[in-house]
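Have a look at the structure below, then the notes.
Every read-out reported here was derived from the displayed coordinates using simple, explicitly stated rules and does not represent laboratory data. Given the structure is predicted, the values throughout are model-derived calculations rather than measurements. Neighbour counts are summed over all protein chains in view; Cβ atoms, including those assigned to glycine, are modelled from backbone coordinates with ideal geometry.
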Amino acid sequence: MTMDAAVYPDDFQELAPQRLRPLTALRAFRKLIRDKEDTAQVFEIMRALTGGSGARGYNRMLRTVEGGRQAFLREELAHKLDDPVWLARFGPGTVGAEYRAFREARGFTADGLAETAREVAPEIDAPHPVVWYSRRLRDVHDIWHVLTGYGTDALGEACVVSFSYGQTHNLGFGFIGWGAAREIQRENRSIPARSAVLQAWRTGRAARWLPGLDYEALFAEPLETARYRLGIRPATVYAAVPEADRAALKLRA
């Protein structure tokens, strides 16, 4: 069945506002804290709590020159991010090179993340500009890991989604970040998880708005130059937690 038939049965049907479903988000979060690698639950939470933030984010893109250009081009970032020839263009020290190293070290692919999203929300491939914006946020997640310096341990993931909440005002990001911080502090009281996610949220709120960037141009920039230009402050609270302590987190209820 095509997405046209599934999502747009009537040319003149208005898109209904996305209803918030907090109980669905809570059930998914309980599954996620038992297994932080269960990425499907992240998408379930995001689907339950996105509300109108996607439409607001897309409209914000249209209010800037570069954001409007990106919206007009409507490129699918996942296609470039999984192209090894394209990624090989970026020299040492650039955002692109650091992203390439990040994903190679972890075996990540943009298509792998997209496939998990499709299992939860098949409408994510719909030919609609707001849905395209949602795909864009999905595809930049690991780029934001690189820009912010947060790792893929439980605390790093909680921080990067809190940063994302500051950027997008999507309640799903905030729910995951604060909920994960609470569980981390329950597991290890010596880790200042709440302080770390609060700093991440403040950094995301204060930084330049990232969803509308030209990511190909960004990848050619030296990482530290890009961080300075975009106003992304050092993640001092997260970095102060010993790496061994972060790696030992299980995030299990």
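In table form, for the structure just shown:
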| quantity | calculated |
| --- | --- |
| Helix-derived mean residue ellipticity, 222 nm - over the chain, DSSP H n ≥ 4, -39500 (n - 2.57), to 500 | -19000 deg cm²/dmol |
| Rounded to the nearest 20 debye, dipole of region 30-154 from Cβ charges on Lys, Arg, Asp, Glu | 500 |
| 3J(HN,Hα) from dihedral phi, region 48-55, Karplus parametrisation 6.51/-1.76/1.60, rounded to Hz, x for glycine, proline | 6, 10, 5, x, x, 5, x, 5 |
| Sorted by Cβ density within 10 Å, fewest first, the residues L49, L62, L251 | L62, L251, L49 |
| Selection from A121, W132, W144 lying farthest towards where the dipole of the chain points positive, charges on Cβ | W144 |
| Likely footprinting exposure, M61, M46, fewest C-beta neighbours within 10 Å first | M61, M46 |
| Volume per residue that the Cα convex hull of region 105-253 spans, once the total is divided by residue count, Å³ | 124 |
| Built amide H within the under 5 Å cut-off of T64, gap 5+ | none |
| Net charge, Y133 excluded, C-beta distance under 15 Å - Lys, Arg +1, Asp, Glu -1 | +3 |
| Region 20-248, dipole about Cα centre (Lys/Arg Cβ +1, Asp/Glu Cβ -1), debye to the nearest 20 | 1020 |
| Global form of region 66-129, assessed from the alpha-carbon gyration tensor, a/c cut-off 1.5 | oblate |
| Sequence-distant residues sharing a close amide H with T94 (under 5 Å, placed H) | L223 |
| Listed peptides 196-202, 21-27, 217-223 by packing density, highest first (mean Cβ within 10 Å) | 196-202, 217-223, 21-27 |
| Positive-end residue of T39, S190, I232, charge dipole of the chain with Cβ unit charges | S190 |
| Linear extension gain, T225 paired with R60, 0.36 nm per residue minus alpha-carbon span | 56.9 nm |
| Alpha-carbon gyration tensor eigenvalues x 5, square-rooted, for the chain, Å | 27, 24, 17 |
